[in-house]
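So the structure is just underneath, and the comments pick up after that.
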Amino acid sequence: MARRCSRSNGTNVTGLGLAMAASWLLLLAGVSDGQLQVGFYSRTCPGAESTVASVVRQSGSADPTILPALLRLQFHDCFVRGCDGSVLIKGGSGSAEVDNSKHQGLRGLEIIEGAKTQLEAQCPGVVSCADIVALAARDAVAFTGGPSFDVPTGRRDGKVSNIRDADALPDVHDGIDALRSKFRANGLDEKDLVLLTAAHTVGTTACFFLQDRLYNTPLPGGGRGADPTIPPGFLSELKSRCAPGDFNTRLPLDRGSGNVFDTSILRNIRNGFAVIGSDAALYNDTATVDVVDSYSGLLSNFFGPYFRQDFADAMVRMGSIGVVTGGAGEVRKVCSKFN
Ligand code: HEM
């Protein structure tokens, strides 16, 4: 039976200072002072995190490909207007943020909605969709063999969804300067860029995102063809998987290790086996090359830097981008609709 949690329980204020009572009531109401905190729902909806984890676990057992999709979903949420659940809004008229082609292939929105339905039954109006996205991404990382880590919560849902806002998302065609400046615009540095892109250790890409890289890259001597930086053997391999005009076939982003959360993606990037252009771009700049190299060596497992810990920390930083907290925004009843 669904557990019911109250948002406020009529605290007895007798004997308490007015300020203390006010902050206690705010805490019970799930309102913070504008900061995220680990365990934000521990009093207001104690089952919040376990409910999300169980929905993600069940979905991942039925379809393991949904786990990487949930991780990608948080990136797409956070990089557009901040981590405010705006990507979940369905417009109908084609003008919602999610309708932007930059979100091509985005999946897992219905998993977030499924968790939300359960949480509304347990604790109506308490747990935000933005927090469900963050918790689901965290759980997806753990369930693919990545690190387990605490996620601060207390995000509220945004009240704006605009198709043009998603133009700012990083793109497979971006070179290292564009990638760096898009991350910097969100308060993330080169190390975060490499660590977070290493999320491509799991999951797949559609051939759609390789078409230009394989067949339509402007060549130095004029004309168009394959990206000349792709090693010839790997180019043949990619072309055999993604024929010209094939948009739908999917291939692992981390060649040879697509189902396991590990640092093989970074070694692939270092060795010229990046599948998409933006991953390859990480090896085109001294600052990012140094980061890739630092985590690619086998000795880093023993002496650091420690990829799993640093990836988790970078996820928490990404999850803090532009969060809506305190009394701003709302807690949606349904993730795909404003209240
Ligand atoms: C640096 C800029 C990035 C670019 C240009 C980029 C681009 C892409 C593209 C084109 C795909 C394939 C999508 C599809 O065909 O369904 C993809 C998949 C994915 N991305 Fe990224 N990405 C970037 C950063 C990130 C970050 C920061 C994360 C998470 C922290 C992330 C997580 C993922 C995951 C897990 C997948 C696999 C999705 C699946 O299997 O359904 N990406 N990315």
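The values are calculated or read from the model by the stated rules, or taken from the named source; none is laboratory data. Keep in mind that this is a model prediction, so the values were computed, not measured. A quick note on method: Cβ atoms are made from the backbone with ideal geometry, for glycine too, and the neighbour counts reach across all protein chains shown.
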Condition met for Ser257 (assigned by TED's automatic domain parsing to the domain that holds Glu190, crowded, with 17+ Cβ neighbours inside 10 Å and not aliphatic (A, V, I, L, M)): yes
Complete set of residues in region 99-114 that are within 14 Å of the ligand (Cβ to nearest atom) and either crowded, with 23+ Cβ neighbours inside 10 Å or in contact (Cβ under 8 Å) with a residue 12 or more places away in the chain (or both): Asn100, Lys102, His103, Gln104, Gly105, Leu106, Arg107, Gly108, Leu109, Ile111
Qualifying residue in region 323-337 (condition: crowded, with 16+ Cβ neighbours inside 10 Å, under 19 Å from Gly146 (Cβ atoms) and either within 16 Å of the ligand (Cβ to nearest atom) or β-branched (Val, Ile, Thr) (or both)): no
Residues that are buried (at least 17 other Cβ atoms within 10 Å of the Cβ) and either over 16 Å from Val292 (Cα atoms) or out of contact with any Pro (no Cβ under 8 Å at 6 or more places or on another chain) (or both), drawn from region 262-275: Asp262, Thr263, Ser264, Ile265, Leu266, Arg267, Asn268, Ile269, Arg270, Ala274
Any hit, region 276-286, residues being assigned to a loop (DSSP other than H, G, I, E, B), among the hydrophobic types (A, V, I, L, M, F, W, C) and away from the ligand (no atom under 11 Å from the Cβ): no
Qualifying residue in region 70-84 (condition: buried (at least 18 other Cβ atoms within 10 Å of the Cβ), acidic (Asp, Glu) and within 13 Å of the ligand (Cβ to nearest atom)): yes
For Val289: the one exception among (1) in contact (Cβ under 8 Å) with a residue 24 or more places away in the chain; (2) assigned to a helix (DSSP H, G or I); (3) not basic (Lys, Arg): (1)
Selected residue (criterion: nearest to Ser148 (Cα to Cα)) from residues of region 298-322 that are within 14 Å of the ligand (Cβ to nearest atom) and part of a loop (DSSP other than H, G, I, E, B): Gly319
Elements of type helices (runs of 4 or more DSSP H) in region 121-222, at least 3 residues being in the same structural domain as Pro64 (by TED's automatic domain parsing), under 16 Å from Leu70 (Cα atoms) and within 13 Å of the ligand (Cβ to nearest atom): 129-143
Count of region 231-261 residues which are away from the ligand (no atom under 11 Å from the Cβ), modelled with pLDDT of 95 or more, in a loop (DSSP other than H, G, I, E, B) and out of contact with any strand residue (DSSP E or B) (no Cβ under 8 Å at 6 or more places or on another chain): 8
Any hit, region 49-59, residues being without any contact (Cβ under 8 Å) to a residue 60 or more places away in the chain, within 17 Å of His103 (Cβ to Cβ) and part of a helix (DSSP H, G or I): no
